[in-house]
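Just so it is clear, none of the values below were taken in a lab; they were calculated from the coordinates. This is a predicted model, so every value here is computed, not measured. FYI the Cβ positions are ideal-geometry reconstructions off the backbone, even for glycines, and counts take in every protein chain you see.
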Amino acid sequence: MALNSILAGGVLTRFKAPDLKYSLADFLRDTGRYAWRLLSLLIIGLICYWIVFKLLNEKLGQWVDHWAGNWADDRSVFWAHLTVSLLVVLSVGYVNLVMDYARVRIVLEEGTGAIQAFLASLGFSLGRLGRAIGVYVVPSFFGLALLGVYRLVFPWEFINTTIAGGSHIREPLALAGLFVVQQVVMFGRYWFRVATWASEWSYYSSTRQPLA
């Protein structure tokens, strides 16, 4: 998480002038330029994640266990626990959304601190909740879809039967092939991650420009 937060500075800076020539030295310089503020923002995000899991996942889950402890209908208990799980997932997703727009603001608007960017992103996301979620969810969905395709094409049963019990030649080849495929999937998911940042950058910057 820390590495991804630091690298985000170099990636987002590229969106400021996409037509200009960009080098590895520029990327490293821009990464270091925003590293401390993005790490500070990560700490704020980790606190928010802790609050979500502490209050919703743990405390609310314990309350549901106590409240539904004497229920005779197992289906009602299941739906109660499922509601808590959905609230946790949605809350974590919203924190991710706020964090993304905060990263965009830090790079787009020079001199913005981590706390200022987080609070501004929180207000921006609440004020434009529908569009902000849409810009975030659509590219992110393709990253999850790519992971789902990988799991369908290479289920655990196929991987285990291919690697376990194979010959001395077959087992290393299977491991090497699996490693290559996983690297391709990781590259593809990060590509969609960058596409998500680009979408958020485009939407956020369009709202900051004065009307003609």
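A few notes on this one:
- Overall, segment 1-127 carries a charge dipole of about 420 debye about its Cα centre when +1 sits on the Cβ of Lys and Arg and -1 on the Cβ of Asp and Glu, all other atoms neutral.
- Taking other C-beta atoms within 10 angstrom as a stand-in for reagent exposure, Glu157, Glu200 fall in the order Glu157, Glu200, fewest first.
- Kirkwood hydrodynamic radius (C-alpha pairs) into Stokes-Einstein, segment 1-127, 25 °C and 0.890 mPa s, D in µm²/s: 147
- Diffusion coefficient, µm² s⁻¹, Stokes-Einstein with Kirkwood Rh over alpha-carbon pairs of the chain at 25 °C and 0.890 mPa s: 122
- Basic side chains Lys and Arg get +1 at the Cβ, acidic Asp and Glu get -1 at the Cβ, and with that the dipole of the chain about its Cα centre reaches some 560 debye.
- Candidates Ser76, Ser202, Ser40: whichever shows maximal mean-square fluctuation once the chain is modelled as a Gaussian network with Cα springs under 10 Å: Ser76
- Each of Phe124, Phe15 has some number of other Cβ atoms within 10 Å of its Cβ, and from fewest to most they run Phe15, Phe124.
- Kyte-Doolittle mean at least 1.0 and Cα axial length at least 27 Å: DSSP H helices in the chain: 74-108, 129-153
- Per-peptide packing, taken as the mean over residues of other Cβ atoms within 10 Å, places 91-104, 183-196 in the sequence 91-104, 183-196 from highest down.
- Likely footprinting exposure, Asp74, Asp65, Asp30, fewest C-beta neighbours within 10 Å first: Asp74, Asp65, Asp30
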